[in-house]
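Structure record follows, encoded as structure tokens.
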Amino acid sequence: MPTKVTLSVNGKPVTREVEGRTLLVQLLRDHLGLTGTHVGCDTSQCGACVVHVDGRSVKSCTMLAVQAEGAEVTTIEGLAAADGTLHPMQAAFREHHGLQCGFCTPGMVMSAVDLAQTHGQLDETTVREGLEGNICRCTGYHNIVKAVLAGAEAMRADVPRAAE
Ligand code: FES
Ligand code: FES
């Protein structure tokens, strides 16, 4: 039987009727058309589906939509500024070639932003450990690590915007 779920997605209030088994990632992609959040596995391992729920990174394939009742959800579509200016972490991925095919990138960026917000200053070991739940099949990770370190630095230099 469908259940009504009300939450905030990228700053906008949203109400939808979902099945009890509907995953958060299905709500985002199939009901709201936010297809920047990817599905790369069915074993909760790849991290392509990472979004922020109440400010913390979450694999949205591991959470039921109804569990997000009342939550503030941010997807990759909600990270850039309203005028299209990229978030510092997005800009760092672009500048440091932290992507190739781009499939893992939304999840990587969302995880990296949470990592930077949680730790402030990052080092390579913390980044590699922090991104253990995000799999990239293209890059070999070196440029992703470089990008995350640079993005975290840029966020620290841009505190008002990073705290939005
Ligand atoms: Fe792979 Fe969620 S789709 S961890
Ligand atoms: Fe292709 Fe990471 S850039 S999977």
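Read-outs throughout are calculated quantities, based only on the coordinates presented, and are distinct from any laboratory measurement. The shown structure was predicted, so the numbers you read here are calculated from the model rather than taken from an experiment. With ideal geometry, Cβ positions are generated from the backbone for all residues, glycine too; neighbour counts draw on all protein chains shown.
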Could you tell me the ratio Rg/Rh of the range 1-59? Both radii from Cα atoms, Rh via Kirkwood. 0.95
I want to verify a result. In a Gaussian network model of the chain, Cα cutoff 10 Å, which of these has the top mean-square fluctuation: H38, H119, H96? H119
For the chain, take the longest principal axis of its alpha carbons; what is the angle in degrees between that and the long axis of helix 105-119, to the nearest 10 within 0 to 90? 70 degrees
Sequence ranges 75-87, 132-144, ranked by mean other-Cβ count within 10 angstrom, highest first: 132-144, 75-87
Once the piece of chain linking Q45 and H119 is laid out straight, how much longer is it, given 0.36 nm per residue of separation minus the C-alpha distance between them? 24.4 nm
For each of S111, S57, S44, count neighbouring Cβ atoms within 10 Å of the residue's Cβ, then give the residues from fewest to most. S44, S57, S111
Does anyone have the angle between helix 142-157 and the longest principal axis of the chain? Alpha-carbon axes, 0 to 90°, nearest 10? 90 degrees
Stretched out fully, how many nm does the piece from E72 to C101 gain, at 0.36 nm a residue minus the Cα gap? 7.5 nm
What is the P(r) of the chain, as percent of Cα-Cα pairs per 10 Å bin from 0? 11, 42, 34, 12, 1
Based solely on its DSSP helices, what 222 nm [θ] is calculated for the chain when runs of n ≥ 4 H residues each add -39,500 (n - 2.57) and the sum is averaged over all residues, nearest 500 deg cm²/dmol? -9000 deg cm²/dmol
Residues L7, L32 in order from fewest to most other beta-carbon atoms within 10 Å are L32, L7
In whole Å, what are the extents of the range 31-124 along the principal axes defined by its C-alpha atoms, from largest to smallest? 37, 28, 26
Would you list which lysines come within 30 Å of K12, measuring only between C-alpha atoms, while excluding same-chain residues fewer than 8 positions from it? K4, K59
So what is the diffusion coefficient of the range 78-164 in µm² per second by Stokes-Einstein at 20 °C and 1.002 mPa s, using a Kirkwood Rh over Cα pairs? 169 µm²/s
Could you pull out the trypsin sites (Lys or Arg not before Pro) across the range 1-50 that fall in loop regions by DSSP (anything but H, G, I, E, B) with no more than 16 other Cβ atoms inside 10 Å? R21
For R156 and K4 in one chain, what is 0.36 nm times their gap in residues minus the Cα-Cα distance, to one decimal in nm? 50.8 nm
